[in-house]
1. Could you work out the Rg to Rh ratio of the chain, with Rh taken as the Kirkwood radius (inverse of the mean 1/r over all Cα pairs)?
2. Could you give log10 I(q)/I(0) at q = 0.15 Å⁻¹ for region 91-181, computed by the Debye formula over C-alpha point scatterers of equal weight, without solvent?
3. Running a GNM on the chain with Cα contacts under 10 Å, which residue among Trp220, Trp148, Trp176 ends up with the highest mean-square fluctuation?
4. Roughly how many debye, to the nearest 20, is the charge dipole of region 103-243 about its Cα centre, given +1 on each Lys and Arg Cβ, -1 on each Asp and Glu Cβ, and no other charges?
5. Taking only protein heavy atoms and a 1.4 Å probe, what accessible area per residue, in Å², does region 1-137 have with all protein chains in place?
6. In whole percent, how big is the carbon plus sulfur part of the accessible area of region 4-112, probe 1.4 Å, protein atoms only?
7. What are the ³J(HN,Hα) values, in whole Hz, obtained from phi via the Karplus relation 6.51 cos²θ - 1.76 cosθ + 1.60 with θ = phi - 60°, for each residue of region 106-114 in sequence order, with x given for Gly and Pro?
8. Heads up, I need the accessible area for Glu5: 1.4 angstrom probe, whole protein in place, Å², nearest 10.
Amino acid sequence: MNGTEIRVEVAPELHLFVPAARRAGATALGTDGVSTLGHVIESLGVPLTEVGALVVDGREVPVSHIPRAGESVTVRPVARPQHVPGAPLRFLLDVHLGTLARRLRLLGVDTAYESTDIGDPALAARSAAEQRVMLSRDRGLLRRRELWAGAYVYSTRPDDQLQDVLDRFAPELRPWTRCTACNGLLRQATKEEVADQLKGGTQRSYDVFAQCTSCGRAYWKGAHHEQLEAVVERALSTRTHGS
């Protein structure tokens, strides 16, 4: 098969996906002359969910572009904040991102989460069926064509993961409006309505409650509230300073 050599430069933000030899500016790359540029970029290890503009010899091209011999390609990262057209912004997280899921829900962001490993095909199908942005550290999952949309989670630290998602997608924040357990919406509740979930000390010490309209779980400002409040305040402060 006759090959086609092009030159590819990958933006520094995407260097973690490519071999070290391809992190020092434009490097030569042989292609088969028939594969799309999107396929070529994926073959380097870069999920297309992380690719913004593809620039060939100074002009932006689609992922369906067929590279020709001698072309110079620049791979840019997704522009931030990223707008996902076609549906309200909502997320789906895989089994490894439970803490991030709970924190997004704490901030009122519509976040579905699979607490068991249901497999990549099922996750991708749910992303498509519910039009949710798939968040994952699994590059193979993010390459599945049936995904509605997806994004790689760059850090393993929940604090950094949350900040990255907020920075990338700028979702509307409505803290304390969603159940951190099931993603359902919360409503104000009386002590009598949630009495069956309260221990004696809680019944005596608290008077303000909320309850999930989906699973019925009760919420109050208990022992961990200060930690949760800190997560919320940090997110809101960052949003205010960044706007």
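1. Dividing the radius of gyration by the Kirkwood radius yields 1.09.
2. Rounded to two decimals, the profile gives -0.50.
3. Trp220
4. That gives region 103-243 a dipole magnitude of about 120 debye.
5. It amounts to 46 Å² per residue over region 1-137.
6. The nonpolar share, carbon plus sulfur, comes to 53 percent.
7. 4, 8, x, 8, 5, 9, 8, 8, 9
8. Approximately 120 Å² of Glu5 is accessible to the 1.4 Å probe.
The values are calculated or read from the model by the stated rules, or taken from the named source; none is laboratory data. Given the structure is predicted, the values throughout are model-derived calculations rather than measurements. So basically every Cβ, Gly included, is an ideal-geometry build from the backbone, and we count neighbours across all protein chains shown. To get the accessible areas, we keep the full protein, side chains included, count just its heavy atoms, and leave off ligands, DNA and RNA. Shrake-Rupley method; radii C 1.70, N 1.55, O 1.52, S 1.80 Å.
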